[in-house]
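The values are calculated or read from the model by the stated rules, or taken from the named source; none is laboratory data. Since the model is a prediction, treat every value here as computed from it, not as a measurement. A quick note on method: Cβ atoms are made from the backbone with ideal geometry, for glycine too, and the neighbour counts reach across all protein chains shown.
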């Protein structure tokens, strides 16, 4: 794997304000060297499965972790999660749902599809920054993930 192409984190978020907040928080905590952004579910799957604009990448060069919103245009986050976790090439990629939804059915469905963690977005920047720091430390530094081949 060429280190210049390593994507540490894929952030899937369609809301411009939440996207800006997440990017600011991730930069502030200085954990993700390389962040890719997808603004809808279809773009997220194109990135993960190296289709369309991302055809030059390899699936094995996938992100170390995916931060996934549930309420997305084109394909919702649950469909993205289902696709990632049902493919042998990508099922080991940790997926963290980061959403404003506190709906029990979203929580239950996310876990039944294999989500690794489910976090309700904090409403203020300080809380969001703390959440990004904790997520980054755990998923990018502490978690031991198997190598994808």
* To do: Evaluate the following for residue 29: is it surrounded by 22 or more Cβ atoms within 10 Å (Cβ to Cβ) and at pLDDT below 95?
  => no
* Asked: Does any residue of the range 32-41 turn out to be over 22 Å from residue 143 (Cβ atoms), without any contact (Cβ under 8 Å) to a residue 24 or more places away in the chain and out of contact with any strand residue (DSSP E or B) (no Cβ under 7 Å at 6 or more places or on another chain)?
  -> no
